[in-house]
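The values are calculated or read from the model by the stated rules, or taken from the named source; none is laboratory data. Here the structure is a predicted model, which is why all the values come from computation and not from measurement. In this analysis, Cβ positions are derived from the backbone assuming ideal geometry, glycine residues included, and neighbour counts consider all displayed protein chains.
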Amino acid sequence: VTSCLVNPRACHETKMPILPAVQKKNLAVVGAGPAGLAFAINAAARGHQVTLFDAHSEIGGQFNIAKQIPGKEEFYETLRYYRRMIEVTGVTLKLNHTVTADQLQAFDETILASGIVPRVPPIDGIDHPKVLSYLDVLRDKAPVGNKVAIIGCGGIGFDTAMYLSQPGESTSQNIARFCNEWGIDSSLQQAGGLSPQGMQIPRSPRQIVMLQRKASKPGQGLGKTTGWIHRTTLLSRGVKMIPGVSYQK
């Protein structure tokens, strides 16, 4: 079944048509991340009066982190789309605004889309200055050394590894460099369109080890269509992946 990260109606348009609201309401949406944005513009398109609050200075929430990952630059365009749709649908946007319960009393309904906070594992020494969360690295740009251990081989762990192992500018937006890295003969002169030189993926500028408690293959829970790409890229860059570990301190 096909679905979309930001559009719940994708491939279900006939089952979920956008119809005019029978009873128009004054709605407050708390959180301008992907969920809050999707709800706000669809509710406004139905005729509701929508006010969208966010404590930060820009819309997007976690998308502002995801767009920095090599290969995920398309999220810049997703956010451009939402900025435009906020204008088109007439959503009232209030950034840099930490909304209070008293302020929400004036609305008919309140939709909470305030997102999540990282889970801190109960490991002895987790509060050491050298221990960083993914938000410290991707959002706050904390300095990262040359030897890195990443706890967790889920989506965020792989994204962080892709970010830290990227040697220079991402090639995902440069067709010629992308083809060179993946051994693609764009001239189609070689059999199968494969370059005789093969893949030319550069090594990571850092020594990175990814750790996972499960004994299964690291990254097994990643998307079926992209997980193998992330694993291949990181392994080609020299990133090590160790499953079946236990964290003592």
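Those residues that are assigned to a loop (DSSP other than H, G, I, E, B), of a type in the set (A, V, I, L, M) and within 17 Å of Ile116 (Cα to Cα), I need them from segment 1-40; list them, please.
Leu5, Val6, Ala32
Which condition number in (1) surrounded by 14 or more Cβ atoms within 10 Å (Cβ to Cβ); (2) touching a Phe, Trp or Tyr at 6+ places or on another chain (Cβ under 9 Å) is the one that Asn42 fails?
The failed condition is (2).
Step by step: first the residues of segment 66-100, then only those that are part of a helix (DSSP H, G or I) and among the charged types (D, E, K, R), then the one that is surrounded by the most Cβ atoms within 10 Å (Cβ to Cβ). Which residue is that?
Restricting to residues being part of a helix (DSSP H, G or I) and among the charged types (D, E, K, R), the top hit is Arg83.
Can you confirm whether Lys249 is exposed (fewer than 12 other Cβ atoms within 10 Å of the Cβ) and over 24 Å from the mean Cα position of the chain (by Cα)?
yes
Confirm whether Val137 is at pLDDT 90 or above and buried (at least 18 other Cβ atoms within 10 Å of the Cβ).
Yes: the conditions hold for Val137.
Can you tell me which residues in segment 154-192 are more than 16 Å from Arg237 (Cα to Cα) and crowded, with 19+ Cβ neighbours inside 10 Å?
Ile156
When segment 101-111 is examined, which residues are found to be surrounded by 12 or more Cβ atoms within 10 Å (Cβ to Cβ) and of a type outside the set (Phe, Trp, Tyr)?
Gln103, Leu104, Asp108, Glu109, Thr110, Ile111
Of everything in segment 193-237, what is without any contact (Cβ under 8 Å) to a residue 40 or more places away in the chain, among the small types (Gly, Ala, Ser) and either loosely packed, with under 14 Cβ neighbours inside 10 Å or in a loop (DSSP other than H, G, I, E, B) (or both)? Give them in sequence order.
Result: Gly193, Ser195, Gly198, Ala215, Ser216, Gly223.
Run Gly36 past the list (1) more than 18 Å from the chain's Cα centre (by Cα); (2) buried (at least 18 other Cβ atoms within 10 Å of the Cβ) and report the number of the one that doesn't hold.
(1)
Looking at Glu73 and the list (1) touching a strand residue (DSSP E or B) at 6+ places or on another chain (Cβ under 6 Å); (2) modelled with pLDDT under 95, which single condition is not satisfied?
With (1) touching a strand residue (DSSP E or B) at 6+ places or on another chain (Cβ under 6 Å); (2) modelled with pLDDT under 95 applied to Glu73, the lone miss is (1).
Quick one: what pairs do we get from segment 101-121, first residue of a type in the set (D, E, K, R), second surrounded by 10 or more Cβ atoms within 10 Å (Cβ to Cβ), C-beta under 6 Å, 6+ apart or different chains?
Once the first residue is of a type in the set (D, E, K, R) and sits in segment 101-121, its partners that are surrounded by 10 or more Cβ atoms within 10 Å (Cβ to Cβ) give Asp108/Lys25; Asp108/Asn26; Glu109/Lys25; Glu109/Leu27.
Would you check if Asn146 is surrounded by fewer than 16 Cβ atoms within 10 Å (Cβ to Cβ), outside the structural domain of Ala38 (by TED's automatic domain parsing), more than 21 Å from the chain's Cα centre (by Cα) and not hydrophobic (A, V, I, L, M, F, W, C)?
It is true that Asn146 is surrounded by fewer than 16 Cβ atoms within 10 Å (Cβ to Cβ), outside the structural domain of Ala38 (by TED's automatic domain parsing), more than 21 Å from the chain's Cα centre (by Cα) and not hydrophobic (A, V, I, L, M, F, W, C).
In segment 193-235, which residues are at positive phi and either in contact with a strand residue (DSSP E or B) (Cβ under 9 Å, 6 or more places away or on another chain) or among the aromatic types (Phe, Trp, Tyr) (or both)?
Passing the criteria: Gly193, Gly219.
Would you tally the residues in segment 43-102 being of a type in the set (A, V, I, L, M, F, W, C) and closer than 30 Å to Gly168 by Cα?
Adding up the residues that qualify gives 7.
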